[in-house]
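I am attaching a structure below and will ask some questions about it afterwards.
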Amino acid sequence: MAQQEKLIELVAQRYTGDVSGFLPDIAEVVETKSSKKWSKKSKASEDKQVLETEKEYKEALAYIKDAISPAFFKTHIDKLRINNTYVKTFFVYAYPNFLEGNWLSPVINWDVKFDMSLYVYPIESAFVQKYLRKRLTQLHSERSMNAEKWLINDPGLEAQIQDVEELRAKLTRGMEKYFHMGLYITVYADSEEQLTRTGKDIETILAGRNVLQKQSFMRAEQWFISTGPFAKDELWVYRNISTWWLSTTFPFSSSTLSHDDGILYGVNTHNNSLILFDRFMTENANMCVFAKSGSGKSFGVKLEVLRLLMMGIDVIVIDPENEYRSLVDTAGWSYLDVSLNSNERINPFDLPLGMKDHEEKPGDLLRSAVINLLGLMNLLLWKLTPEEESLMEKALITTYSLKGITIEDDDIVGKEIPVMQDLQNVLDTMDGAKSLVIRMEKYTSWIFAGIFSKPTNVDLKEWLQVFSVRDLDDILRPTTMYVILNHIWNKVRSSNKKRILVIDEAWNIMQHDDSAKFLFGLVKRARKYNLWITTITQDVEDFAASRYGKPIITNSSIQILLKQSTASIDALENIFKLTDQEKYILLNSAVGQWLFFAGAEHVGIQIVASFYEEQIVSSDPNR
């Protein structure tokens, strides 16, 4: 209206002859009207575009809802049915007077399909203080009334008074806050029977911690919504709780492994915490590693070895593929090539050294040596018959006695240790031993001569020592590893020092009962001498098929599983009782991802190495 009036005024001025400023003013009015008209058109266009966008959004939203919504949704008194899935919700209504930290872990790690919602509502401290003051007055009044009636003090009443006073003091100092907390759990099942069993399981899990729960009735839909991803609590079933008690319900406190003196193994794949673990703090520090080729098992074990060396722990390695050479070149010390063309020799006839702080009786060391040699001969000469084993035992004792080592006096000071040629010479003089002599000639005179028939010229030193058996013929590998293990055992048992023995490709030893039995005995007895065994294998089925395979696993407090093939996963499932989730992880894990089992703790680990560590321990031939 103001613009119209101004236009009339200008026109009137035009007709009365006063035209000063007329043209500029009329131009301004016309421009204003034109701008106004254009603004209305622009706004109309914008409104139209908004309406079209809103329409597209609603159409897309309707499509998404149609895509994810179930075919039908049926509400029962105590449950829901969504398509073919049965749904039931439970709520917690009472807690015990004491709850340990991480008490929700069994529920969080429960191997069923479920949703859990934890609602926490902070309460004003002033409101809580007012309530506690009123409650404390009531309790003191009740105590006074009991005293007037000459009643005996009620311990429960005194405990309540003490708890309220402590809570008031902490709230006043700001050490505690007060909350309402509601905990709801919704479980899913494919049948009503399975739903009932799952409900009993959740009741058992919570009842084991004196946490009381109930099943929902008459409001199944509201319960379902309250545990959905909507952040809507439609139930308001809560319990008053303080900060300390609330902290025990922290839902992300999954399995962790952390020791003050441990080494870094990697990062927890579940919560990204560091795995700092000291294997010597377990009941026994033996470890089994199972993985398919190329999954990163040697990388992870070599990384552990490198870090253990920095902690001052001696490490001995039986290396079947020359993978630890770069580690020795970096860390220093001994790398022993055990092969037909090598200068390093180990005499299997060496007597064990006396045990530290243990008085050996005459003949004990010789008996131990003869028993180990009988096992070795069963490997070298292909399973002795009872008659041949009896002849061999007599021949061994005679061979030692010719060097002055007897049951009555097995002191080796100043005496020569026999070799295999000496044993063959003795057998050659015995009736019925012709077959043994013929089979033994292969190791004294023929293609394998020298490897087991020369005096020992190697010595176990501190720090790091690696025995390489890469260049050995496959026929000799199990036997040679048996001899090396026996040599290591004889040396280790004479001193008490923390040592790790790494046996790579341990399935070579498990192929024969005698060598498998020796390894099993080593795993059982090594703990007493501070020697801890790490067995590594990629042939899970062969390892487990041996009658000593599973006992070796059960006598190892630590088991590490890496990526597995579908052919071996069933064998591992039977041994380790894997869950479906753990099986999925093992079949689909990336290189360097472990499942780390330490007692009851099952943790997923991603191996982490620094740049320089990776250069040292990597087995990649392209590096």
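Readers should treat all values here as calculations from the given coordinates under stated rules, not as data from a laboratory. Fair warning: this is a prediction, and the values are worked out from it, not measured in the lab. Counting neighbours? That spans all protein chains shown, and the Cβs are built from the backbone with ideal geometry, glycine included.
So what is the orientation-averaged projected area of the chain, using the convex hull of its C-alpha atoms, in nm²?
Quarter of the Cα hull surface area: 55.9 nm².
Any chance you could give the angle, 0 to 90 degrees and rounded to 10, that helix 386-401 forms with the longest Cα principal axis of the chain?
Approximately 70 degrees, to the nearest ten.
Taking the Cβ of Lys583 as the centre, find all other residues whose Cβ is under 10 Å away and add up their charges (Lys, Arg: +1; Asp, Glu: -1).
Every neighbour counted, the sum reads -4.
Using only Cα atoms, find the angle between the long axis of helix 297-310 and the longest principal axis of the chain, and express it within 0 to 90 degrees, rounded to the nearest 10.
Compared with the principal axis, the helix lies near 80 degrees.
Apply the a/c threshold of 1.5 to the C-alpha gyration tensor of segment 279-326 and tell me whether it is rounded, prolate or oblate.
oblate
Aspartates and glutamates within cross-link reach of Lys48: Cα-Cα under 19 Å, excluding same-chain residues under 8 positions apart?
By straight Cα distance, Lys48 reaches Glu56, Glu59.
Moving on. Determine the calculated [θ] at 222 nm for the chain from helices alone, applying -39500 (n - 2.57) to every DSSP H run no shorter than 4 residues and normalising by the residue count; nearest 500 deg cm²/dmol.
Dividing the helical sum by the residues of the chain leaves -14000 deg cm²/dmol.
Taking H as built 1.01 Å from N, whose amide H comes closer than 5 Å to the amide H of Lys498, not counting residues under 5 places away?
none
Name the chymotrypsin sites (Phe, Trp or Tyr not before Pro) in segment 192-226 that are in a loop by DSSP and that have at most 13 other C-beta atoms within 10 Å, would you? Intermediate results must be reported in sequence, preceding the final value.
Details: sites: Phe217, Trp223, Phe224; in loops: Phe217.
Here the sparse-neighbourhood loop sites are Phe217.
Is segment 347-455 best put as rounded, prolate or oblate by its Cα gyration tensor, with a ≥ b ≥ c the root eigenvalues, rounded for a/c under 1.5, and otherwise prolate when a/b is larger than b/c, oblate when not?
Prolate, since a/c reaches 1.5 and a/b exceeds b/c.
Let me ask another. Are any of the pairs Lys403/Lys454; Lys113/Lys177; Lys491/Lys528 more than 25 Å apart by Cα-Cα distance, and if so, which?
Distance filter (> 25 Å) returns Lys113/Lys177.
I need the trypsin sites (Lys or Arg not before Pro) found in segment 452-519, filtered to DSSP loop residues with at most 12 other beta carbons within 10 Å of theirs. Write down the numbers at each step before the final one.
Numbers: sites: Lys461, Arg470, Lys491, Arg493, Lys497, Lys498, Arg499, Lys517; in loops: Lys461, Arg470, Arg493, Lys497, Lys498.
Passing sites in segment 452-519 are Lys461.
Roughly what angle does helix 434-444 make with the longest principal axis of the chain, taking Cα atoms, 0 to 90 degrees, to the nearest 10?
60 degrees
Mind sorting Tyr265, Tyr131 by how few other Cβ atoms lie within 10 Å of their own Cβ, fewest first? Provide the component values of the computation, followed by the final result.
Numbers: Tyr265 24, Tyr131 14.
Lowest count first: Tyr131, Tyr265.
Among the GluC sites (Glu not before Pro) in segment 68-165, which ones are in a DSSP loop with at most 13 other Cβ atoms within 10 Å of the Cβ? Mind listing them?
Hits after loop and neighbour filter: Glu100, Glu124.
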